[in-house]
Amino acid sequence: QVQLVESGGGLVQAGGSLRLSCAASGGTFSMNTMGWYRQTPGKQREWVALISSRYSTNYADSVKGRFTISRDNAKNTVYLEMNSLKPEDTAVYYCSVQVGIRVYWGQGTQVTVSS
């Protein structure tokens with residue numbers, strides 16, 4: 001029943017910005033930690049950011065100061081605001097939600113940053 005659907009990806013120039021959205025369904029996740037990960041071909045899935053039920057946030061060093069994770073519990077949605085994008089940010093971005101010991105993933109949205 002739990003489903004996550006990412007949107008907002010696309011092609012942008014280096015230095016530009018994108019706002020990713022992830023709409024969750026199949027439950028109410030205000031008490032659950034949610035996060036964003038990304039994956040590039042040939043590399044393992046990389047953690048990017050997380051946000052707790054108390055809106056505490058953590059970021060990977062590679063995106064700290066450039067990305068902002070937020071959530072709107074009324075909409076069951078988590079966001080990732082990406083600024084000052086770099087070509088190395090190119091990846092498929094996945095959102096996730098922790099439910100007990102399980103982690104649910106969306107299908108991902110492609111972000112491509114051109115130089």
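The values are calculated or read from the model by the stated rules, or taken from the named source; none is laboratory data. On a predicted model such as this, the values are computed, not experimentally measured, just so you know. FYI the Cβ positions are ideal-geometry reconstructions off the backbone, even for glycines, and counts take in every protein chain you see. Heavy atoms of the whole protein, side chains included, go into the accessibility calculation; ligands, DNA and RNA do not. Shrake-Rupley method; radii C 1.70, N 1.55, O 1.52, S 1.80 Å.
Can you name every residue in region 42-53 that is assigned to a loop (DSSP other than H, G, I, E, B), open to solvent by 30 Å² or more (accessible area, probe 1.4 Å) and more than 20 Å from Ser114 (Cα to Cα)? First the steps, then the outcome.
First, the residues of region 42-53 that are assigned to a loop (DSSP other than H, G, I, E, B): 42-45, 52-53.
With the extra rule that they be open to solvent by 30 Å² or more (accessible area, probe 1.4 Å), the set shrinks to 42-45, 53.
Within region 42-53, Gln44, Arg45, Ser53 meet the criteria.
So, of the residues in region 69-115 that are acidic (Asp, Glu) and either in a loop (DSSP other than H, G, I, E, B) or open to solvent by 30 Å² or more (accessible area, probe 1.4 Å) (or both), which turns out to be nearest to Leu4 (Cα to Cα)? Outline the logic, then answer.
From region 69-115, those acidic (Asp, Glu) are 72, 81, 88-89; that's our starting set.
Retained after the next criterion (residues that are either in a loop (DSSP other than H, G, I, E, B) or open to solvent by 30 Å² or more (accessible area, probe 1.4 Å) (or both)): 72, 81, 88.
On the way: Asp72: 14, Glu81: 18, Glu88: 25 Å.
Checking each candidate, the answer is Asp72.
For region 1-41, give me every one of the strands (runs of 3 or more DSSP E) that falls completely inside it and has 1 or more residues that are acidic (Asp, Glu) and under 26 Å from Ser53 (Cβ atoms).
Numbers: elements: 3-7, 10-13, 18-25, 34-39.
Passing ranges, in order: 3-7.
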Take the residues in region 4-41 that are free of Cβ contacts under 8 Å to residues at least 60 places away in the same chain and over 13 Å from Asp89 (Cα atoms); name whichever of them is most open to solvent (accessible area, probe 1.4 Å). Met31
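Condition first: among the charged types (D, E, K, R) and more than 16 Å from Asp89 (Cβ to Cβ). Now tell me which residues in region 42-61 satisfy that.
We begin by selecting, within region 42-61, every residue among the charged types (D, E, K, R); these are 43, 45-46, 54, 61.
Once the filter is applied, which keeps residues that are among the charged types (D, E, K, R) and more than 16 Å from Asp89 (Cβ to Cβ), region 42-61 yields only Arg54.
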Flag if Gly65 is on the phi > 0 side of the Ramachandran plot and either in a loop (DSSP other than H, G, I, E, B) or within 11 Å of the chain's Cα centre (by Cα) (or both): yes
Is it the case, given these coordinates, that Ala60 is among the small types (Gly, Ala, Ser), modelled with pLDDT of 95 or more, surrounded by fewer than 17 Cβ atoms within 10 Å (Cβ to Cβ) and touching a strand residue (DSSP E or B) at 6+ places or on another chain (Cβ under 7 Å)? yes
